[in-house]
Amino acid sequence: MIERAFFGGLLAYGAGALAGLIAPRRSVWPRILSCGLALLGGLLELCACTLSLASGATAHWEIPAGVPFLVYGFRLDALSTYFNLILSLLAVAVSIYSLGYLRSFEAKKTAGILGFFYNLLLASLTAVFTASNAFFFLIAWEATALSAYFLVTFDQREQTARHAGNLYFVMSHAGTGCLLAGFLLLSAQAGNLEFSGFASAAGGLTGLSLTGTRQAAIFLLFFAGFGVKAGIIPLHIWLPEAHPVAPSNISALMSGIVIKCGIYGMARAFFEFLGMPPLWAGIAVLTVGVASALLGVLYALMEHDLKRLLAYHSIENIGIILIGFGAAMMFMSLGHNRLAAIALIAGLYHTMNHAIFKSLLFLGAGSVLHGAHTRNMEEMGGLISRMPRTAFCFLVGAIAISGLPPLNGFVSEWLTYQALLAGFGATEKLTRVLFPVAGALLALTAALAATCFVKAFGISFLALPRSENAGRARESDSFMVTGMAILAVICVALGLGATLFLPVFDGITVRLAGAQVSGDLIAAGGLALSAGTGRGGTVSPAGIAALFVILSAIPALLLALWGGKRKRVTGPTWDCGLPGLTSDNEYTAFAFSKPLRMIFAALYKPSREIETEYEVSPYYPKAIRFGSEIESPFEERLYAPAQKAILMLARRMRAIQAGSIHAYLAYIFVTLILLLLYGVRS
């Protein structure tokens, strides 16, 4: 049954891709067939994952590749099933959303092409999460990169889309080069390309171990290769460029699950392939995680493009996941397997939570773009009265990503805090200081994230419209709203029902951390979460939700009892004696973020420009224009000098490509001589 559902989902994705190409253009069929089959594929994969988790068994299938010693191998173990579950949930919601979103593409003859690459992306992602050997994994990895590239550059008329796609393509293939080198080193140790062989060679199954230089090299190669896809600092530069320009349903997938390919790879490599990770590796992952989380949210605060703001928050949440991973690696190095399992659960739970609420927010941003025709928050305002269902779904996502109770983002961040606090009491020497420092910076990150989404929701949906498009905005259709509503319900369910979901991680933590701790994290008969340690605390998301309901019901009850007979009077908002409030009196996104721009001026290095127009004399200004920009330190101080050096080296190497056949023969001859000498010496 699992096999039929799994391969049925892959076939549905393939049929959806084919239907997008062969269906009649400028009709409803490309949209209906490609999105409908993608929805079917997501449902079948969801069924396969549910059955696999329920049985607890590992399923493995192989298809001959037609090349000696190489096969297309699929494996549904606990980790791959978990990530495929996240993918299938998003595939269902985004496919329903796309049935409405792609209506506007029908007249342009492009709905079918978008449907083709959309289904190809879903199929390749499924293969990435379930590949059982390095050969098939890298094929699926490249298919994911190429399909994502064509989706990012879908609007070829936009120069920004072409630039973002090219940047993504270059960075992605640089990361693939690191992965290829890492897999070659592992295969030399294991003697094969199977993931099970890598785990055995690393000490995950048999006791052989990677140590010293080889282990360090493999760790760094995988951290860089998977880090590019995940968007960690400073390998993140493609992410805020690519996510905003892609179609909004694709932006949701890229932020929700494509960058999670990097997280899946890190989980597989760090905890399974490397055996016992060295302490310095855990410290490195924890440090990069803290830096990515804090810098990601700080740069998000300065953005006024709604989709670009959300892209920077993806970097922030990837950092939070890596904080959990880094702490788990440190605990394993120090012999605290139960604490490692708790930290690993925190990181993996936040992986799913981020996938759900960030996809919801990107779909909400797409709905706003569809209705108001702008991504600039300064041109929005007042959308809550024109798009109430979109506003409500976006608000649920904003609460979840801010880590506020009782939604899912709060649960995974609370577990991360508990793991870090436990680390201070369980470790010794200078290492113990890292845990409270990381916890304090994570708390700062959470506070800044809440501030950012007060800005994002308030400026976009509240007050008065700031443009004609915002004033004429209309609600999205039922398909788009249903896709968002599904993800909003999952945000609530993963928060209130966290104790019911935690046993899903048992198979993963037993395999990767050597401990099963879900029972220690469940308290009060499943009504509360526990820290899993003697000194930790407990919290009940369901209890908090019940308290909110009770407190909200009291004013309503009092109003019904004593206020029903009173006459209701409606009047204008107090306007400080002015003739009337207009959009010019509203708080802007720029003004909202200015205090933080001043506080963190050393990081932002803001520049300002003031331009004044005069009517008669300098004493009578006609108009004053103010502009401000912040520095992009990684692009300007890291990548720009590197690009300049590479181009300079390439110009100097041009002399080698002289066009002379005699020179090329000489190069070949010298190379053969050197290889012969190396062979004789070895």
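Coordinate-derived values only; no laboratory data. A quick note: this is a predicted structure, and the numbers were derived from the prediction, not measured. Quick reminder, even Gly has a Cβ in these numbers, built from the backbone with ideal geometry, and neighbours come from all protein chains shown.
Table for the structure above
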| item | result |
| --- | --- |
| Length-normalised contact order of the range 501-636 in % [C-alpha pairs under 8 Å, at least 6 apart] | 10 percent |
| Cα extents of the range 277-557 along the three principal axes, largest first (Å) | 62, 42, 32 |
| Of K260/K307; K260/K358; K108/K229; K229/K358; K260/K644, pairs whose Cα-Cα distance is over 24 Å | K108/K229; K260/K644 |
| Relative contact order computed over the range 595-682 (Cα-Cα under 8 Å; 6+ residues apart), in percent | 18 percent |
| Farthest positive-ward along the chain dipole, Cα basis, beta-carbon charges - from G115, A623, G543 | A623 |
| Pairwise FRET efficiency - H163 versus R26, Cβ, R0 = 45 Å, nearest 0.05 | 0.95 |
| Unit Cα scatterers, Debye sum, the range 635-681: log10 I(q)/I(0) for q = 0.14, 0.19 Å⁻¹ | -0.59, -0.73 |
| Theoretical gain in end-to-end length, M1 to L444 [0.36 nm per residue, Cα-Cα removed] | 154.8 nm |
| Under-5 Å amide H pairs with N133, H placed in peptide plane, nonlocal only | G73, F195 |
| Packing-based order for 395-402, 618-625, using average beta carbon neighbours within 10 Å, highest first | 395-402, 618-625 |
| Highest to lowest packing among 57-69, 262-274, 476-488, scored as the average C-beta count within 10 Å | 262-274, 476-488, 57-69 |
| Net charge of neighbours whose Cβ lies under 9 Å from the Cβ of P621, counting Lys and Arg as +1 and Asp and Glu as -1 | -1 |
| Ranked packing of 168-178, 366-376, 408-418, 35-45, most packed first, by mean Cβ within 10 Å | 408-418, 35-45, 366-376, 168-178 |
| Inter-centroid distance (Cα atoms) of the range 436-500 relative to the range 83-112, Å | 21 Å |
| Charge sum, other residues only, whose C-beta stays under 13 Å from I283's C-beta, Lys/Arg counted +1 and Asp/Glu -1 | +2 |
| Efficiency of FRET between E62 and A216 - r from beta-carbon atoms, R0 35 angstrom, step 0.05 | 0.60 |
| The range 1-99 shape via C-alpha gyration tensor axes, a/c threshold 1.5 | oblate |
| Per-selection Kirkwood Rh - the range 567-631 (Cα, Å, 1 d.p.) | 15.6 Å |
| The range 503-541 versus the range 618-650: alpha-carbon centroid distance in Å | 48 Å |
| For the range 186-317, diffusion coefficient by Stokes-Einstein and Kirkwood Rh (Cα), 25 °C, 0.890 mPa s, µm²/s | 155 µm²/s |
